[in-house]
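To keep things clear, I will list the structure first and then write my remarks on it.
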Amino acid sequence: MEAIQSFIDQLARMQWSDYLDILLVAFLIYKFLPLINSPSTMRIARAVLVVIVIAWATEAAHLYTLSYILNQFLAVGLLAVVILFQPELRRMLDRLGSVRLRSLLGISKPQQEMDGVIAQTVAACEVMSREKVGALIVFAREARLEEFMRTGTVIDGQVSEQLIRNIFFPKAALHDGAMIIRDGRVAAAGCVLPLSSSDRLSADLGTRHRAGVGMSENSDAVVVIVSEETGTISVAVEGMLKRHLASRTLEKLLHNELCPGSNGEKEGQLSKKLKKRLTGKEKDEHEK
């Protein structure tokens, strides 16, 4: 009862600026947590947590030598984390630095504009799948992907079925790289993406699929892949791959990921389904 009364007294002493302070901090946490929720940052968090737990356990068990070593490590822990996880930290900071104010405030491209972009992309993928033309299309979201755009050719063109098919035509100069669609426009093509080193991927997947999964591991992008060998359409989100998609399924998945809130759908539906598959509730397609 004393704790409750103390809490009530504390609330009574709070001013309007205190409430505003709490609301602003909560809003920033709500907006920034998804930006750092990636496999790379999760690895950093797990590593730091493991070291802290081991240090606490060794001290409780009176293992003085090991406890001394771990305490010395924690004393320079920040420097050690920067050295050991330099690539992951750089990517995390790139993501945070590329977020625009309009994204933090929840302002996105108009629904009608994104509908057209998705429709043109699906139409192009359907034709390329039938003709077995390889394609790698990246949809940028909060992360701006500037460093990856610099590896290709800037286009800044309107998204259309014809433009997508022309870029990925087998004899075209930019067909081997990735296309990046940002703000509803084709921002760049011929871009080089990081390859995934995940051991969960099937051995029959080639460089294009590993690049698509690698891009989704290092950013919040949604990546569409068309296989040159089989014509199979796949989508990668958050390091997970969904294969053998029909054109209607592809369109629905892109709407769920790129147009959150439309038709009662919530953002991240594809990634949630894929996570369920990876935990054994459903059979994961990429293991076929």
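At the residue level, Ser219 shows approximately 10 square angstrom of accessible surface with a 1.4 angstrom probe and all protein chains present. Computed with a 1.4 Å probe on the full set of protein chains, the accessible area for Lys242 sits at about 30 Å².
Once the mean of 1/r is taken over each pair of separate Cα atoms and inverted, the stretch 132-215 shows a Kirkwood hydrodynamic radius of 13.1 Å.
Compared with the direct C-alpha span, the chain from Leu49 to Asp21 gains 7.2 nm at full extension, assuming 0.36 nm per residue.
Taking every protein chain into account, the 1.4 Å probe leaves Glu59 with about 120 Å² of accessible area, to the nearest ten. Ordered by solvent-accessible area of protein heavy atoms (1.4 Å probe), largest first, the residues His244, His209, His175 come out as His244, His175, His209. Against the criterion of solvent-accessible heavy-atom surface with a 1.4 angstrom probe, Asp199, Asp115 sort, most first, into Asp199, Asp115. Structural descriptor for the stretch 121-193: relative contact order 39 percent, calculated from alpha carbon pairs under 8 angstrom and at least 6 residues apart.
The values are calculated or read from the model by the stated rules, or taken from the named source; none is laboratory data. What you see is a predicted model; the values in this text were computed from it and never measured. Calculation scope for accessible area: heavy atoms of the full protein, side chains included, ligands and nucleic acids excluded. Shrake-Rupley method; radii C 1.70, N 1.55, O 1.52, S 1.80 Å.
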